[in-house]
Amino acid sequence: MRIPTPHRTVLTVAAALLAVPGTAAASATDRPPADPLRPVTALAADPLRPVTALAADRLATADLVAAAKWGTDSPIDDPAREQQVLDTVATQAQRIGADPDEIRRVFRDQIEANKLVQRGLFAEWTAHPDRAPTTKPDLNVVRQTINRINTDLVRSLADTTADRTAPACRPELLMAAVEVHLERHQDLLHTAALARSLARICRN
């Protein structure tokens with residue numbers, strides 16, 4: 001039997017998150033994981049929803065970055081820009097008492113997830129030129145948006161340190177990811193990238 005597309009994308013999130021080491025221990029708690037096929041209205045408020053929503057906001061900029069780079073000499077991999085981002089968020093983390101090394105690891109995942117979308121879009125546009133963007137966003141403006149999201153995400157990660165350390169973190173993260181997926185109607189590419197971006201949110 002063919003699984004409907006919305007359920008397949010939910011299962012993509014679940015499979016990716018549950019594949020991360022430590023999941024088995026996290027799910028063996030007195031708080032059962034949420035059913036990923038329940039409607040959004042049936043899901044309880046989740047403490048990790050702000051982190052997940054910000055990761056999704058950041059991921060949404062990948063489409064604009066890809067459009068800005070398409071047809072230019074700008075590569076998807078930009079080590080100098082990536083290092084600048086990692087150094088900036090680590091400094092921000094240190095200022096508010098968060099672990100800068102942990103923040104670097106989480107943001108490395110954000111960067112890789114963003115590039116995953118860019119590569120997917122480049123592949124699609126190469127195969128189907130009629131789907132390629134016809135206008136180019138200003139990459140500097142897009143990066144200003146990314147910088148603002150980065151700052152908010154660093155703060156949100158700091159604010160949820162206790163939740164991200166708790167044994168129930170991974171089920172709660174899965175619940176939040178499912179909520180975001182259902183609300184934003186993400187396709188398989190963006191759903192897989194969201195799961196990639198959340199790989200090291202939980203500390204267990």
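Bear in mind that the values in this text are calculations on the coordinates, not laboratory data. Nothing here was measured: the structure is a model prediction, and the numbers come from that model. Methodologically, a virtual Cβ is constructed for each residue, glycine included, from the backbone with ideal geometry; neighbour enumeration extends over all protein chains shown.
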Rg and Dmax of the range 53-134, using alpha carbons, in Å: what are they? 14.7, 49
Near the amide H of residue 168, under 5 Å away, which other amide H atoms are found, from residues 5 or more places off or on another chain, if H is placed in the peptide plane? none
Give or take rounding to whole Å, what are the principal axis extents of the alpha carbon atoms in the range 137-204, in descending order? 43, 28, 17
Round to the nearest 0.05 the FRET efficiency obtained for residue 87 and residue 187 when R0 = 41 Å and r is the Cβ-Cβ distance. 0.80
Hey, how many Å between the Cα centroid of the range 60-89 and the Cα centroid of the range 156-199? 23 Å
Packing rank of 125-134, 151-160, where each peptide gets the mean count of other beta carbons within 10 Å, highest leading: 151-160, 125-134
Sparse-neighbour loop sites [GluC sites (Glu not before Pro); the range 108-204; at most 11 other C-beta within 10 Å; DSSP]: none
